[in-house]
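Structure first, then comments.
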Amino acid sequence: MIDSRELRIGNIIYLNGKKTAAGSDDIAFMAKCQLLGINCETTPVRVTEDTLIGLGFSFEFENVSNKVYSKDGIKLLIHPSEGISLYINGEKFGKSFFYMHQLQNLWFSLFGKEITNL
């Protein structure tokens, strides 16, 4: 289950098994479930290579343990067990992540623009 405090309207999640953009009612429902200790059937959407291509990223290169994708000068380094790291001009920003809503939130925080593939 995703912590509702991590979400913004428009974040991509699985709700009742369906991939969807979270609305305000969805986030309020999740918060209520958390308060009551109920599993409300929400799970994060993992960022995949296909997801990145759908978001307009291009494959750059691969080495022994990482793959690198880029978009508009931004690089995402993917390490299977350590997650995805975002780099601008060779400098890492934020913590590594695995999920779409985390990428969306980081992207919006840095650039003030939404990034989505739905």
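Observations
- Residues being within 17 Å of the chain's Cα centre (by Cα), assigned by TED's automatic domain parsing to the domain that holds residue 98, in contact (Cβ under 8 Å) with a residue 12 or more places away in the chain and assigned to a helix (DSSP H, G or I) are entirely absent from segment 7-29.
- Of the numbered criteria (1) small (Gly, Ala, Ser); (2) surrounded by 13 or more Cβ atoms within 10 Å (Cβ to Cβ); (3) within 20 Å of residue 110 (Cα to Cα), the one residue 22 fails is (3).
- So residue 27, is it at pLDDT below 90 and out of contact with any Gly (no Cβ under 8 Å at 6 or more places or on another chain): no
- Among residues of segment 25-69 being crowded, with 16+ Cβ neighbours inside 10 Å and touching a Ser or Thr at 6+ places or on another chain (Cβ under 7 Å), the one that is nearest to residue 105 (Cα to Cα) is 27.
- Enumeration of residues in segment 70-118 that are outside any loop (DSSP other than H, G, I, E, B), loosely packed, with under 13 Cβ neighbours inside 10 Å and within 14 Å of the chain's Cα centre (by Cα): 95, 109
- Test: residue in segment 86-103 that is under 16 Å from residue 13 (Cβ atoms), touching a residue at least 12 places away in the same chain (Cβ under 8 Å), aliphatic (A, V, I, L, M) and out of contact with any Cys (no Cβ under 7 Å at 6 or more places or on another chain): yes
- Set 53, 2, 38: member being modelled with pLDDT of 90 or more and not polar (S, T, N, Q): 53
- Among the residues of segment 62-84, those identified as without any contact (Cβ under 8 Å) to a residue 12 or more places away in the chain and of a type in the set (S, T, N, Q) are 63, 81.
The values are calculated or read from the model by the stated rules, or taken from the named source; none is laboratory data. Note that the coordinates shown come from a computational prediction; the quantities given were computed from them, not determined experimentally. Cβ: placed from backbone, ideal geometry, glycine included. Neighbour counts: every protein chain shown.
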